[in-house]
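Asks: Quick one: structure below, then a few questions.
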Amino acid sequence: MAEMERKLQRTETKRASPARESDAALLARCAQLSARYLDRQALPASVRWVPPMRTRWASCTPADRTIRVSDRLQNVPAWVLDYVLVHELAHLRVAAHNAEFWELVRRYPKTERAIGYLEGLSAAAGWGISELDDD
């Protein structure tokens, strides 16, 4: 079992996003994701890595167009981080977790898979994180 865990960690780390390297890289990735999935209609003023949040993976403040991402996500696969970023970018267009919001988020094709990954990660680590952000 321990060997399987080591192999999985090596594989997942190889698939980690280059956006994990800096706040500037996060901002650049957000621009790419906004162009691809949100019609360039969701561009943040800033995106930054922050120390681990107690109850969230990331958060967004639409009023000042800022996004904060928990540094717990720095080693997740790129497709998981991309989902988190698309989720927060969608809040720049729709603040609430309503049908319109989820329609935007689900433009990202790995939404359900990423949600499952994050739920599993939180459960395995005992973090108790079940939502990306609060309304």
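The values are calculated or read from the model by the stated rules, or taken from the named source; none is laboratory data. From a predicted model like this one, the values you see are computed outputs, not experimental measurements. Positions of Cβ are generated from backbone atoms using ideal geometry, with glycine treated the same way; all protein chains shown enter the neighbour counts. Keep in mind that these areas ignore ligands, DNA and RNA; they rest on the heavy atoms of the full protein, side chains included. Shrake-Rupley method; radii C 1.70, N 1.55, O 1.52, S 1.80 Å.
Asks: Go through (1) assigned to a loop (DSSP other than H, G, I, E, B); (2) without any contact (Cβ under 8 Å) to a residue 40 or more places away in the chain; (3) over 20 Å from Thr66 (Cα atoms) one by one and return the number of the condition Arg113 breaks.
Replies: (1)
Asks: Across the stretch 66-85, what is the total count of residues that are assigned to a helix (DSSP H, G or I) and either in contact with a Phe, Trp or Tyr (Cβ under 8 Å, 6 or more places away or on another chain) or under 17 Å from Ala42 (Cα atoms) (or both)?
Replies: Adding up the residues that qualify gives 9.
Asks: State whether one or more residues within the stretch 48-65 are farther than 24 Å from Ala31 by Cβ, more than 14 Å from the chain's Cα centre (by Cα) and not in a loop (DSSP other than H, G, I, E, B).
Replies: Within the stretch 48-65, none of the residues are farther than 24 Å from Ala31 by Cβ, more than 14 Å from the chain's Cα centre (by Cα) and not in a loop (DSSP other than H, G, I, E, B).
Asks: Moving on to the next point. Which numbered condition in (1) modelled with pLDDT of 95 or more; (2) more than 17 Å from Gly120 (Cα to Cα); (3) surrounded by 15 or more Cβ atoms within 10 Å (Cβ to Cβ) is the only one that Ala19 fails?
Replies: It is condition (1) that Ala19 fails.
Asks: When you look at Arg36, is it modelled with pLDDT under 95 and over 14 Å from the mean Cα position of the chain (by Cα), yes or no?
Replies: Against the criterion (modelled with pLDDT under 95 and over 14 Å from the mean Cα position of the chain (by Cα)), Arg36 does not qualify.
Asks: Now, a different point. If you check Glu88 against the conditions, is it part of a helix (DSSP H, G or I), open to solvent by 70 Å² or more (accessible area, probe 1.4 Å), over 18 Å from Ala16 (Cα atoms) and among the acidic types (Asp, Glu)?
Replies: Answer is no for this residue.
Here is a yes/no grid of residues against (1) touching a Leu at 6+ places or on another chain (Cβ under 7 Å); (2) at pLDDT 95 or above; (3) buried (at least 17 other Cβ atoms within 10 Å of the Cβ):
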{"position": "Arg72", "(1), (2), (3)": "no, no, yes"}
{"position": "Ala95", "(1), (2), (3)": "no, no, no"}
{"position": "Leu104", "(1), (2), (3)": "yes, yes, yes"}
{"position": "Glu112", "(1), (2), (3)": "no, yes, no"}
{"position": "Ala125", "(1), (2), (3)": "no, no, no"}
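Asks: Next question, about the same structure. From the list Ala58, Ala31, which residue is surrounded by fewer than 17 Cβ atoms within 10 Å (Cβ to Cβ) and not polar (S, T, N, Q)?
Replies: Result of the check over Ala58, Ala31: Ala31.
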